[in-house]
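Here's the structure we're looking at; comments come further down.
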Amino acid sequence: MLVLPPHDVEGLQLVGSGGFGLVYKGWSKKLKMEIALKMIQGSQCSSLAKLMRNLKKEQDVMEKASGPHVLRLLGVYKKPEGNLIEHGLVMEYMPYGALRSLFDNIPDVPWALRFQILHQVALGMNYLHSLDPPIIHRDLKPSNVLLSRHLDVQITDFGLSRIVGATTSSATPSFAGTLSYMAPEALNDINYQPTKSYDVYSYGILTWTVFSSEEPYPGINMALIQRLVGEGQRPKDSVLDEYKDVKMVPEAKELMVRSWNQNAKNRPSFNDCSESTAVMFEAYREEIIHAVRSIQDRLHKMSSCDQLSEESGTLDTCSFSMGDFIKALGNEPQKDEKTEPSCPVDEKEHENDNMDLPLAVIHKDDNISPAELVMNNIATAIKNSGDYNRIINKLDNNGILSKDEQEELNCAQSLKELGNKAGKVILTKYKEKPETLVTFIKDLF
């Protein structure tokens, strides 16, 4: 296995988090390509040995799972950090992110691309299940289906995967996975060991998300989902009825319902699924090139707009450090209702009020004080950093979050949604308890 030393990887940028670590993008001089680097958070974890075992397990599975529509492991990364050595997995970087992000940004994805996605996921999963011994993914969902620069599927995140027949030191808990995509037999049996039909069930739920562009069971209590799915309830398949006149949608609905059958024995294999999706995709073959190009153009324009916004100074969360934030916080007076102006403020008279702010973004909102603007920028930086999971956990551990707020955050269906909610929580907490939150921010950074 290729080992990349620290000096080989340049320009690392945090792009997200997954399983037990953080995911960065960067450039490998040896490979001469853009890479994704999944690193364990050793310095922040009390069980480094366990994380290392998990990383090694994922590496082993990815080495065996290298195939069509399955994200390849290119190598490993090692970086000395004091007395420890940080380890990471090196993969090809997928510029368009996960399937979940595609539907978050473009709800009206063309039918041809939707059917190509379903077909390629089925092909990738059929490959994994056809290995000897087979690999069961156990966490198939939109956020674990990445899209290449050509919008081809790459299945990823094998942290929970299990090689059939492999021995383990302890029984794997049946609740390892994402509840909304877990098969009912896993919810009803504490000793359940995943089989191929488990992944097929997840594929049925994923099919529903591909057609609805939504996550299943939004806002529903987890305990209620567990009980009702175990009793046979599923997402509303009537969502597809409004598209019954669209070619191949009735056939896709029939496959979806078969895939999430309550009885695991009645579900099709991925070999059967891929044969069915091949027929569906063939009906759209002449349309796929135009569909892919149209989505690529839209994604490129969105990316260009984001870049232009940052370059123009509208919202630049990368050009300053958290130290600048803390300095600004220290220089800003706390909000005082007695002195807060109740009438329009003359802009020239107060044009120097914002000189200490780290951003060149001055909102013309008379109700936002300079200190609040700093907190807004902090919330935005936290949201965009991809590190909001850790920050929210610390808010909870410090007793700053209410039970309702924590439950609301737990209901987030994607990293993007969690980031948006985390940013709102930061601003809300500042308004409620400004001194407490300022102290928390300073301690955190």
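Side notes on the structure shown:
- Ordering MET1, MET280, MET302 from the fewest to the most neighbouring beta carbons within 10 Å gives MET1, MET302, MET280.
- As a proxy for reagent exposure, LYS403, LYS78 were ordered by neighbouring Cβ count within 10 angstrom, fewest first; the result is LYS403, LYS78.
- Among the listed pairs LYS403/LYS433; LYS29/LYS79; LYS30/LYS79; LYS141/LYS247; LYS38/LYS78; LYS25/LYS78, those beyond 18 Å (Cα-Cα): LYS141/LYS247
- Sequence-distant contacts, meaning Cα pairs under 8 Å at least 6 residues apart, place the relative contact order of region 117-158 at 40 percent.
- Sites ASN263 and SER238, calculated FRET efficiency, Cβ-Cβ separation with R0 25 Å, nearest 0.05: 0.65
- Under 9 Å, Cβ to Cβ, from GLY204 - net charge with Lys/Arg +1 and Asp/Glu -1: +3
- Residues LEU409, LEU206, arranged from fewest to most other Cβ atoms within 10 angstrom of their Cβ, appear as LEU409, LEU206.
- For LEU74, the residues whose amide H sits under 5 Å from its own are VAL90, MET91, GLU92, ignoring neighbours fewer than 5 places away on the same chain, with H placed 1.01 Å from N.
- Once the gyration tensor of the Cα atoms in region 99-297 is diagonalised, the equivalent ellipsoid follows with semi-axes of 27, 19, 16 Å, ordered largest first.
We did not get these values from a lab; they are worked out from the coordinates using the rules stated. Keep in mind the model is a prediction, meaning the values are calculated, not measured. Here Cβ is always computed from backbone atoms with ideal geometry, including for glycine, and neighbour counts include all displayed protein chains.
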